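Enquirer: Could you have a look at this structure, given as structure tokens, before my questions?
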Amino acid sequence: MSVVYPKEPPRETLYDHSVTSDETKWGNLNFHDPSIIKDGEWYYTVTTDVKVGGTPKGGIPIRKSKDLINWEWVGRVFSKVPEDARKWTRARTLWAPDVTKIGDTFYLYYAASRFGTNQSFIGLATSKSMEGPWENRGEVIKSTSSSLWNAIDPNLIFDADGNFYMAFGSFFGGIFMVELDKTTGKLKDGSKPAMIATRSNSVATAIEGPYIIYNPDLKKYYLFVSYDSLSKDYNVRVGRSDKITGPYVDYNGNEMTNTELPPNDVGTKILGGYRFGDKNGWVMPGHNSVLKDGNDYLIVHHARGDKDTNWPYLHVRKILWSEDGWPMVSPERYTGEKEQKLSGKLLEGKWETIVLDKNNNEQLSSKTITLKSGGKIDDGSGKSKWEFKDDNTIIMKIYDPEKKSGAEYIEQTAKVIPAWDWENWKTTLVFTGMNKSGVSVWGKKNE
């Protein structure tokens with residue numbers, strides 16, 4: 001059986017001080033809060049303006065790529081914070097933009113605020129081209145210290161009937177949804193923000209960066225959010241709904257507005273900090289967007305290298321879908337990999353595996369197991385087992401002696417794809433899946 005592995009990507013040099021003052025050489029460096037859109041043959045990103053070791057200029061960086069791997073600098077939407085946003089917030093930079101296209105016009109929404117306050121402002125700019133020029137259209141919604149919401153982190157989404165909505169929000173209240181007018185791009189007459197996700201005050205309502213997609217095959221809306229601190233334990237969670245306005249529920253049926261449960265019990269964790277083997281890893285991944293590109297779904301987010309967490313980079317990862325309709329994120333960055341029919345024999349050998357513990361959102365390290373011929377797993381227990389089914393699905397039954405009699409096995413179902421091993425610089429196989437409790441599991445063959 002012939003397996004098609006992705007091609008070797010260009011070599012990357014991380015933590016390269018020689019490029020920090022030349023934006024045209026940044027590539028995937030200095031990405032924060034990325035939003036992605038495809039226009040023709042180009043993929044475009046807009047981001048928060050950040051700069052390692054320097055002061056950002058206050059605009060909104062635009063970059064483009066034809067392959068989602070090599071990124072070219074385009075420029076900025078603005079040279080500085082628009083005056084109405086600056087007066088309201090005293091912000092020096094713009095945060096977390098998002099962009100969509102209506103007809104022949106691009107609608108770009110941006111946020112202005114300062115850390116530790118919800119005196120915030122979401123504004124709109126429009127253009128006939130992603131490369132500009134852009135015209136500022138002013139206020140969409142704003143907030144004060146007495147508001148129920150924080151007017152930052154806008155995300156634009158059309159429902160299945162073509163109605164136009166904006167999700168937004170963060171600390172200081174949670175995530176809200178409001179309907180927009182497709183003609184003006186501003187709030188629709190009579191529409192009022194409604195909460196769709198929040199967290200307990202015990203964790204300072206630490207939720208932000210909403211991004212919603214509609215999966216037409218599953219006829220469900222998926223709300224992606226980032227939990228916790230962007231400088232310590234950022235991680236991505238997801239809930240889904242039959243309606244764009246919610247309620248959004250996680251894998252275990254918990255509503256994303258539930259503040260009675262322990263705060264890490266709500267929201268299905270699909271991405272967090274990690275490290276494979278003895279190689280350098282990544283921390284604080286989050287504030288994602290999602291691109292539906294033909295039949296492929298890709299999650300686009302920033303992450304920080306664990307060697308020096310001052311350096312934020314762009315990551316693109318393939319999303320696979322579980323049999324029961326949940327998104328599962330690849331443990332390796334995208335290089336063009338595709339799902340395909342595999343042989344179970346290919347899976348035999350040593351693997352580095354990570355269980356994305358919902359209660360440990362700092363960097364997680366891998367554990368080595370061996371998938372042996374005959375369906376045994378060498379993981380130290382002597383009782384775990386695996387089987388291969390369909391085209392690329394692995395089912396692992398992991399023995400846990402601490403479980404009660406009759407429930408000693410944790411069943412994990414994952415999909416396997418050929419991928420590029422960025423840590424060891426070679427082709428490999430990876431898997432991504434979930435167990436019966438909705439806990440995500442990752443694996444990378446390392447042999």
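Enquirer: Go through the stretch 92-200 and name the chymotrypsin sites (Phe, Trp or Tyr not before Pro) that are in a DSSP coil and have 16 or fewer other Cβ atoms within 10 Å of their Cβ.
Expert: Listed in order of number, the matching sites are Phe115.
Enquirer: Once every DSSP H run of n ≥ 4 in the chain is given -39500 (n - 2.57) and the sum is divided by its residues, what mean residue ellipticity at 222 nm do you get, rounded to the nearest 500 deg cm²/dmol?
Expert: Only helices count here, giving -500 deg cm²/dmol.
Enquirer: Also, quick follow-up: Could you list log10 I(q)/I(0) for the chain at q = 0.06, 0.07, 0.09, 0.14 Å⁻¹, which the Debye formula gives when each Cα is one point scatterer?
Expert: -0.25, -0.34, -0.56, -1.35
Enquirer: Order of Asp278, Asp153, Asp233 from fewest to most other C-beta atoms within 10 Å?
Expert: Values: Asp278 9, Asp153 28, Asp233 18.
Ranked by crowding around the Cβ, least crowded first: Asp278, Asp233, Asp153.
Enquirer: Next up: Between the stretch 336-351 and the stretch 402-447, what is the C-alpha centre distance in whole Å?
Expert: Spelled out, the Cα-based centre of one part sits 12 Å from the other.
Enquirer: Now a separate question. Which loop-located GluC sites (Glu not before Pro) does the stretch 307-391 contain, where loop means any DSSP state but H, G, I, E or B and the Cβ has at most 13 other Cβ atoms within 10 Å?
Expert: Answer by residue number: Glu323.
Enquirer: Would you mind pulling out the separation of the Cα centroids of the stretch 114-186 and the stretch 229-262, in Å?
Expert: Between the Cα centres of the stretch 114-186 and the stretch 229-262 lies a distance of 20 Å.
Enquirer: Under 5 Å between amide H atoms, partner at least 5 residues away or on a different chain: which partners does Tyr234 have, H built in plane at 1.01 Å?
Expert: Result for Tyr234 returns Ser229, Met284.
Enquirer: Using only the Cα atoms of the stretch 344-445, build the gyration tensor, take square roots of its eigenvalues as a ≥ b ≥ c, and label the shape rounded, prolate or oblate: rounded if a/c is under 1.5, else prolate if a/b is larger than b/c, else oblate.
Expert: oblate
Enquirer: What are the ³J(HN,Hα) couplings of the stretch 4-17, residue after residue, when phi is run through the Karplus curve with 6.51, -1.76, 1.60 and θ = phi - 60°? Round to Hz, x for glycine and proline.
Expert: Here the 3J(HN,Hα) series is 9, 8, x, 6, 5, x, x, 4, 10, 10, 7, 6, 8, 5 Hz.
Enquirer: For the stretch 139-146, in order, what is each residue's ³J(HN,Hα) by Karplus, 6.51 cos²θ - 1.76 cosθ + 1.60 with θ = phi - 60°, in whole Hz (x at glycine and Pro)?
Expert: Whole-Hz 3J(HN,Hα) from phi for the stretch 139-146: 5, 10, 7, 9, 9, 10, 4, 9.
Enquirer: OK, next. Among Tyr313, Tyr15, Tyr248, which comes first, then next, by fewest other beta-carbon atoms within 10 Å?
Expert: Fewest-to-most Cβ neighbours within 10 Å comes out as Tyr15, Tyr313, Tyr248.
Enquirer: What does the net charge come to around Ile213 if you take all other residues with beta carbon closer than 15 Å to its beta carbon, with K and R at +1 and D and E at -1?
Expert: Values: positive: Lys38, Lys219, Lys220, Arg237, Arg240, Lys243, Lys292, Arg317, Lys318; negative: Asp98, Asp159, Asp217, Asp242, Asp293, Asp296.
Computed value for this residue: +3.
Enquirer: Which entries of Lys376/Lys403; Lys66/Lys279; Lys64/Lys128; Lys87/Lys192 have Cα-Cα distances beyond 27 Å here?
Expert: Details: Lys376/Lys403 20 Å; Lys66/Lys279 29 Å; Lys64/Lys128 16 Å; Lys87/Lys192 24 Å.
Flagged as over cut-off: Lys66/Lys279.
Enquirer: Where does each of Arg86, Arg11 land when they are ranked from fewest to most other beta-carbon atoms within 10 angstrom?
Expert: Result, fewest neighbours first: Arg11, Arg86.
Enquirer: Could you give each residue of the stretch 39-49 its phi-based ³J(HN,Hα) in whole Hz, using Karplus coefficients 6.51, -1.76, 1.60 with θ = phi - 60°, and x for Gly or Pro?
Expert: 9, x, 8, 9, 9, 10, 10, 10, 9, 4, 7
Enquirer: Let me ask something additional. State whether the stretch 214-358 is rounded, prolate or oblate according to the following rule on the C-alpha gyration tensor (a ≥ b ≥ c being the square roots of its eigenvalues): a/c under 1.5 gives rounded; otherwise a/b larger than b/c gives prolate, and the remaining case gives oblate.
Expert: Note, shape of the stretch 214-358 comes out oblate.
Enquirer: Going from the alpha-carbon gyration tensor of the stretch 179-221, what semi-axes, largest first and in whole Å, does one get by taking the root of 5 times each eigenvalue?
Expert: Value: 25, 19, 9 Å, ordered largest first.
Enquirer: Run the numbers on the chain and let me know its relative contact order in percent, using alpha-carbon pairs under 8 Å that are six or more apart.
Expert: Relative contact order, the chain: 11 percent.
Read-outs throughout are calculated quantities, based only on the coordinates presented, and are distinct from any laboratory measurement. Computed from a prediction, not measured in an experiment: that's the story for all the values here. We place every Cβ from the backbone using ideal geometry, glycine too, and count neighbours over all the protein chains shown.
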